[in-house]
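J.: Below are the structure tokens for one structure; questions will follow.
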Amino acid sequence: MLSVPLSTLPPDFRARALHWGSGFPHCAYFEPNDLAYPGGTFARILAVAAEATETPNSLAELRNWLLSNATNAPACGFVTYDVKNEVEALTSANFAGLGWPQLHFFRPQTWLHWRPDYLEIHGHTTGVLDAILATSVPPAIPTQVSALRPRMPKESYLQAVAAIREDILNGEVYELNLCQEFYAEQVQLHPVEVFLQLNETSPTPFAGFYRWHDHYLLCASPERFLAHHPPALISQPIKGTIRRGTTPAEDEQQRLTLLHDEKERAENLMIVDLVRNDLARVAETGTVRVPELFGLYPFRHVWQMISTVEAVLRPEADLTDILRATFPMGSMTGAPKIRAMQLIEQYEYSRRGLYSGSIGYIWPTGEFEFNVVIRSLQYRADTGYLSFQVGSAITYDSLPEREYEECLLKAQALLEVLGHLSFNK
């Protein structure tokens, strides 16, 4: 290991490191943005590998792969939404423009771990610091993606919300998270530059940059899916969103409006109950608790309602058991989960890919941290396909126009980075 005082590094070192790391076909960067968050945030880690052989591509393969680890390196990877088909008897047949593998993890050959006062460089360290310092950061150039359009027309989205309300009335589900895709084709994008712009526009505690060959994820997620800090297992679903105010007084009024919004509280509570039930499947009996319900937290563009669910993990349960019990996260499906996922397949126009999935890292000790992939761009450099998805939770009290506007609010930072001050509906 090489240890370097942060005070000796240039101010743009992180940008240089990410530009350097993005040259590898396997690159994972986790960015907490120095934000305070209950239960902590991502650690700041950059992990790269020139090749990754014999890697797991399913939950069935993940357990043995993790057990085979003989290094101190974190396993870094992603789980796409379509892992639902391995967890339950479900299928995905909608349009897919991205083509991620269902699940993928790799062990880095080199990884950087930022500490409060110094940087650790692990693995193959020879020449790494010099290579990063020799990497130039190109000047920031505004990104312009002009032909951005919805996969689902607005009128179809409004009709879907109305149909879901009927499903709720008929007892099919209590709540359903309906998502829609916005996309562009034949796009030439500089992924690192766009990620850095997105991270500056919308700093979040679970941001990340991920490269898998020609596939890129540029993620500005505010949401934790799961963390394991033995023996505690923590999940923090987000349900409830409102725009920030433009003055301190208006901002406080917006916060209070969200706090007392009965619809948003009902959405949050339903998902908290779902998460409690999920965690109970791998928890010590009687240890599931909710230390915070309806917590309100400010981000750059929005207030979010966040609840915290904790449990003590059973000693024999491992990550594969946990994922089978909890994935996909209830905040991105609705309740009850299986029927909600069946209806999602019916109403949505495209597969979610890595959206509604997760990126994260697993230490050899068994500790891990995973986010919820939302507020994110997905990009294929080989085809030029660019995509982002946004959604909202539909309940019987939902107003279709209001749900559509919530989708656009969640897309605000993404639209700004792509050169859209607003979206032509």
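The values are calculated or read from the model by the stated rules, or taken from the named source; none is laboratory data. Computed from a predicted structure; not experimentally measured. Quick reminder, even Gly has a Cβ in these numbers, built from the backbone with ideal geometry, and neighbours come from all protein chains shown.
J.: Cβ-Cβ distance below 7 Å, separation of 6 or more or different chains: which pairs start in region 74-99 with a residue that is farther than 15 Å from Leu217 by Cβ and end on one that is among the acidic types (Asp, Glu)?
T.: Ser92/Asp82; Ser92/Glu345; Asn94/Glu345; Asn94/Glu348
J.: From (1) buried (at least 22 other Cβ atoms within 10 Å of the Cβ); (2) assigned to a strand (DSSP E or B), pick out the condition that doesn't hold for His228.
T.: It fails just one condition, (1).
J.: Out of region 123-135, which residues are touching a residue at least 60 places away in the same chain (Cβ under 8 Å) and either loosely packed, with under 10 Cβ neighbours inside 10 Å or in contact with a Phe, Trp or Tyr (Cβ under 9 Å, 6 or more places away or on another chain) (or both)?
T.: Of the residues in region 123-135, the ones touching a residue at least 60 places away in the same chain (Cβ under 8 Å) are 125, 128-129, 131-133, 135.
Within region 123-135, Val128, Ala131, Ile132, Leu133, Thr135 qualify.
Residue by residue, here is whether (1) assigned to a loop (DSSP other than H, G, I, E, B); (2) touching an Asp or Glu at 6+ places or on another chain (Cβ under 8 Å); (3) of a type in the set (Ser, Thr, Tyr); (4) without any contact (Cβ under 8 Å) to a residue 60 or more places away in the chain holds:
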| site | (1), (2), (3), (4) |
| --- | --- |
| Gly366 | yes, yes, no, no |
| Phe370 | no, no, no, no |
| Ile374 | yes, yes, no, no |
| Val390 | no, no, no, no |
| Arg402 | no, no, no, yes |
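J.: Regarding region 209-230, can at least one residue be identified that is within 18 Å of Arg44 (Cα to Cα) and of a type in the set (Asp, Glu)? Before you say what the answer is, go through the steps one by one.
T.: Residues of region 209-230 that are within 18 Å of Arg44 (Cα to Cα), as a first pass: 209-211, 217-229.
Filter again for of a type in the set (Asp, Glu), leaving 223.
Scanning region 209-230, I find at least one residue that is within 18 Å of Arg44 (Cα to Cα) and of a type in the set (Asp, Glu), so the answer is yes.
J.: Moving on to the next point. Scan region 231-244 residue by residue and report those that are in contact with a Lys or Arg (Cβ under 8 Å, 6 or more places away or on another chain) and either assigned to a helix (DSSP H, G or I) or more than 19 Å from Met270 (Cα to Cα) (or both).
T.: Scanning region 231-244 gives a single hit, Arg244.
J.: Does Ile242 qualify as being touching a Pro at 6+ places or on another chain (Cβ under 7 Å) and closer than 23 Å to Glu403 by Cα? Before you say what the answer is, go through the steps one by one.
T.: Working: touching a Pro at 6+ places or on another chain (Cβ under 7 Å): no; closer than 23 Å to Glu403 by Cα: yes.
Spelling it out, it is not the case that Ile242 is touching a Pro at 6+ places or on another chain (Cβ under 7 Å) and closer than 23 Å to Glu403 by Cα.
J.: Quick check on region 44-63: of everything there that is assigned to a loop (DSSP other than H, G, I, E, B) and of a type outside the set (A, V, I, L, M), which residue is modelled with the lowest pLDDT?
T.: Initially, region 44-63 is screened for residues assigned to a loop (DSSP other than H, G, I, E, B), giving 44, 50-58.
Right, trim to of a type outside the set (A, V, I, L, M) and you get 44, 51, 53-58.
Details: Arg44: 98, Glu51: 88, Thr53: 78, Glu54: 83, Thr55: 91, Pro56: 94, Asn57: 89, Ser58: 92.
Filtering region 44-63 for residues that are assigned to a loop (DSSP other than H, G, I, E, B) and of a type outside the set (A, V, I, L, M), the one modelled with the lowest pLDDT comes out as Thr53.
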